[in-house]
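All remarks here apply to the structure that follows.
The values are calculated or read from the model by the stated rules, or taken from the named source; none is laboratory data. Please read these numbers as outputs of a predicted model, since none were measured by experiment. Cβ placement follows ideal geometry from the backbone for every residue including glycine, while neighbour counts extend to all protein chains displayed.
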Amino acid sequence: MAAEEKDKKVEQTGAPTQTIGQTKILWDDANMRSVYANVANVAGGREEIVLLFGLNQAWHAGQKEVKVQLSDRIVMSPFAAKRLAMLLNNVLADYENKFGKLDIGIQRPDGTSVQ
């Protein structure tokens, strides 16, 4: 990971570049948009994994029904999804090393908290 960080550069356009081995990756952010999501769901089959992102606008605890406004769907191969999962795990591990463990409030059936 440190080697990847060392190889990252920023070109004149502001878009980062990254060198992995002898392959230079140019990240083109010209058409990128940013959205906020506080809800995500994942579904999948043999050929594809589908990530759904949206916004939960329920402000009151104990509501009987919560409507989530879905905004984005990302469809990827299982191979790309596996690489994404590994990247997310690495980023979250770094975050927890810097700022402490994240407690997301989910409990196992035995009453212990999921970390």
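From the set of residues in region 53-75 that are in a strand (DSSP E or B) and among the hydrophobic types (A, V, I, L, M, F, W, C), which is farthest from V35 (Cα to Cα)? It comes out as V75. Considered as a group, the residues in region 9-52 that are surrounded by 13 or more Cβ atoms within 10 Å (Cβ to Cβ) and of a type outside the set (A, V, I, L, M, F, W, C) include one that is modelled with the highest pLDDT, and that residue is E48. Under the condition of being exposed (fewer than 11 other Cβ atoms within 10 Å of the Cβ) and in contact (Cβ under 8 Å) with a residue 12 or more places away in the chain, the residues counted in region 59-72 number 1.
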